[in-house]
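Single-structure report; data block below.
The values are calculated or read from the model by the stated rules, or taken from the named source; none is laboratory data. Remember, it's a predicted structure, so these values are computed and weren't measured experimentally. Cβ sites come from the backbone with ideal geometry, for glycine too, and all protein chains shown count toward neighbours.
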């Protein structure tokens, strides 16, 4: 599957009219990032929207008291950077977790698309809704009292199984450490280690150096939906 067909079949663009998606991708350009290379930093000017073709991106938040803190992963098919739609500076930092390929739809190209047809604005607004729902879902998951459910929900979100349709095929590699996951779930390293060992025994996940692998998302979903 070529780049255009892949992005049209996944995530945001799969929910848009094909003519809109094709126009957007024809105006985009491919950018290659090395592992660890930043895509942008908080307060950077917003240069456009980014779609992930391959690899993965880590999203870090900064608040006045703390940060930066890794909070989410954007896997192939994901789009981000919607601050460009309102000409605001970046509010998060994004870096490649491994060698990655992304497409950039520059702000001037967004302007050209909507100048040609102002009815395209709702399609762009849909991306803000999707990523807003993702952020609200992450906040909700942190309120789950059961530690195993909280961990399962977070892993499902990181792997693209929590809200995305269509869902990714398995296995899905997550470029995070156990310490990263402990921070994301507000659990201690010891607690997250014990939960991951349990999940591995249940064949839900595999644990590798600097990486977690989701092998059975449906088993994780059963943990999330259990009554405790």
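Worth a mention:
- Every condition in (1) buried (at least 18 other Cβ atoms within 10 Å of the Cβ); (2) under 24 Å from residue 154 (Cα atoms); (3) out of contact with any strand residue (DSSP E or B) (no Cβ under 8 Å at 6 or more places or on another chain) is met by residue 16 except one, and the failing one is (2).
- When residue 174 is tested against (1) crowded, with 19+ Cβ neighbours inside 10 Å; (2) more than 15 Å from the chain's Cα centre (by Cα), only condition (2) is not met.
- Qualifying position, being in a helix (DSSP H, G or I) and closer than 24 Å to residue 198 by Cβ, among 84, 153: 153
Yes or no, residue by residue, for (1) more than 24 Å from residue 93 (Cβ to Cβ); (2) part of a helix (DSSP H, G or I); (3) modelled with pLDDT of 95 or more; (4) over 16 Å from the mean Cα position of the chain (by Cα):
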site	(1), (2), (3), (4)
5	yes, yes, no, yes
8	yes, yes, no, yes
19	yes, yes, no, yes
31	no, no, yes, yes
42	no, no, no, yes
53	no, no, yes, no
59	no, no, yes, no
63	no, no, no, yes
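- Pick from the range 65-77, criterion surrounded by fewer than 20 Cβ atoms within 10 Å (Cβ to Cβ) and free of Cβ contacts under 8 Å to residues at least 60 places away in the same chain, ranking: nearest to the chain's Cα centre (by Cα): 68
- Residue within the range 105-127 that is assigned to a strand (DSSP E or B) and closer than 22 Å to residue 9 by Cα present: yes
- Test: residue in the range 150-157 that is farther than 28 Å from residue 13 by Cα, touching a strand residue (DSSP E or B) at 6+ places or on another chain (Cβ under 8 Å) and surrounded by 14 or more Cβ atoms within 10 Å (Cβ to Cβ): no
- Count of the range 157-207 residues, restricted to those that are in contact (Cβ under 8 Å) with a residue 40 or more places away in the chain, in a helix (DSSP H, G or I) and farther than 17 Å from residue 59 by Cβ, is 6.
- Across the range 78-90, a minimum of one residue is classified as buried (at least 18 other Cβ atoms within 10 Å of the Cβ), farther than 23 Å from residue 19 by Cα and not assigned by TED's automatic domain parsing to the domain that holds residue 173.
- Checking residue 32 against (1) touching a residue at least 40 places away in the same chain (Cβ under 8 Å); (2) crowded, with 17+ Cβ neighbours inside 10 Å, the condition it does not meet: (2)
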